[in-house]
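Have a look at the structure below, then the notes.
The values are calculated or read from the model by the stated rules, or taken from the named source; none is laboratory data. Not measured: the values here are computed from a predicted model. Here the Cβ is made from the backbone with ideal geometry for all residues, glycine too, and neighbour counts use every protein chain on show. For the accessible areas, the whole protein counts, side chains as well, though only heavy atoms, and no ligand, DNA or RNA atoms are used. Shrake-Rupley method; radii C 1.70, N 1.55, O 1.52, S 1.80 Å.
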Amino acid sequence: MKYKVTEEQSLLEALAILAPDCSKTTLRSFLKEERIDVDGEIQKLGAFRVFPNQIISLLEKPKLTTRGQLRIIYEDSHLIAIEKPSGMLSVSTAFEKGDTAHAFLKKSFPTKKVYVVHRLDQDTSGVMIFALSEPAYLALKKMFEQHLLTRSYTAIIQGKLPESKGTWQSYLIEDNNYTVYETHDKSIGKLAITHYETIKTSQNYSALCLTLETGRKNQIRVHCQSAGRPVIGDKKYGSTINPIKRLGLHAHLLAFEHPITYKKMSFESPLPKEFKKLI
């Protein structure tokens, strides 16, 4: 549910227009539950001022899992978009079967088959999609293979980059210990291309917006390591600090053409609170 603001007013006043059948108590509960999004950022204060042309969205109520909140952003008969929390596996492994995003959705949609289209690293949060029909699954898999989607991430890195924007390009290979590294041997490595731009800096950290041209395993983490500026909390790829007690990587945008209706779809996930506090 969305509302485009037409005049300056308090957020609570705007919510009364967005959901006229709800009491003020209910509207305040939406704020408390962090279900109100204003131009991509969660707002919790009813007195917050909103202005013409800003977009207010009422988000789905988060569903609790043993690892945290998994929010369903969008669903139709062919696909579903979610916000995966940090610490949750995307799919089952030999070590974890039940507490995964895929397992959670299978329980939530018992009458449908939930198809895995792509993955996020366990400690990366943000937007993921799953298919709910075979035609959508096949089309989406092809989109990912041919890189016909926009996939953007926010990373918090140690220090600052010498250039504010640019492109990292290299060949990646995975060893027997499941660690990805760069190689000059094109015959065994897979091409990985990451476009980056610094969006904010502080004394010790920088926030980057990274857009994937390819989607290799651990691509962003390896490229940041190779640039001498690892993602915070990423001990596997060179980080020596963990100020927010999690990996500083968040998938904030996934945009593509709907595989069945051909409608342009764009799903965004607000930055985690700990990211904002750090930068």
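Under the simplified labelling scheme, the T26-E174 pair shows an inter-label distance of 4.7 nm, with each label point 7 Å from Cα along Cα→Cβ. Where does the chain land at 222 nm, in deg cm²/dmol rounded to the nearest 500, when only DSSP H runs of n ≥ 4 count, each adding -39500 (n - 2.57), divided by all residues? Mean residue ellipticity, 222 nm, calculated: -5000 deg cm²/dmol.
Backbone geometry of segment 23-31 corresponds, through the Karplus equation with coefficients 6.51, -1.76 and 1.60 at θ = phi - 60°, to 3J(HN,Hα) couplings of 6, 5, 4, 5, 4, 5, 5, 4, 5 Hz, x marking Gly and Pro.
Accessible surface for the chain, divided over its residues, is 53 Å² per residue with a 1.4 Å probe.
Under 5 Å between amide hydrogens, built in the peptide plane, is the criterion, and for T201 it picks out A207 among residues at least 5 positions away or on other chains. Which one, S133, V50, Q122, projects farthest toward the positive side of the charge dipole computed for the chain from Cβ point charges (K/R +1, D/E -1)? Of the candidates, Q122 comes out farthest on the positive side.
Placing unit charges on the Cβ atoms only, positive for Lys and Arg and negative for Asp and Glu, gives segment 128-228 a dipole magnitude near 200 debye about its Cα centre. The string of couplings for segment 151-166 from the Karplus curve (6.51, -1.76, 1.60, θ = phi - 60°) is 10, 10, 10, 10, 10, 9, 10, 6, x, 10, 8, x, 10, 6, 8, x Hz, one whole number per residue in order, with x for Gly and Pro.
Among the listed pairs K44/K273; K200/K245; K4/K32; K200/K273, which have their C-alpha atoms separated by more than 18 angstrom in this model?
Exceeds cut-off: K200/K245; K4/K32.
Over 22 Å between Cα atoms: which of K113/K142; K106/K141; K217/K263; K84/K190 fall into that group? Violating the 22 Å Cα-Cα cut-off are K217/K263; K84/K190.
The alpha-carbon of K277 sits under 16 angstrom from the alpha-carbons of these aspartates and glutamates, leaving out residues fewer than 8 places away in its chain: E41. Here the Karplus relation 6.51 cos²θ - 1.76 cosθ + 1.60, evaluated at θ = phi - 60°, turns the backbone of segment 106-114 into coupling constants of 4, 6, 6, 10, x, 8, 10, 8, 9 Hz, with x for every Gly and Pro. Net length available on complete extension from N204 to E145 is 17.6 nm, with 0.36 nm assigned per residue and the Cα-Cα distance removed. The label point for I55 and the one for K112, both projected 7 Å from the Cα toward the Cβ, are 2.2 nm apart. Subtracting the Cα-Cα distance of E257 and E274 from 0.36 nm times their residue separation leaves 3.0 nm of extension gain. The H on the amide N of F48, modeled in the peptide plane, is under 5 Å from the matching H of L11, L12, each at least 5 residues off or on a different chain. Under 5 Å between amide hydrogens, built in the peptide plane, is the criterion, and for L89 it picks out A101 among residues at least 5 positions away or on other chains. Carbon-plus-sulfur accessible fraction, the chain (probe radius 1.4 Å, protein heavy atoms only): 50%. Sparsely packed loop sites in segment 128-221 (the chymotrypsin sites (Phe, Trp or Tyr not before Pro) outside DSSP H, G, I, E and B with at most 11 other Cβ atoms within 10 Å) comprise Y178.
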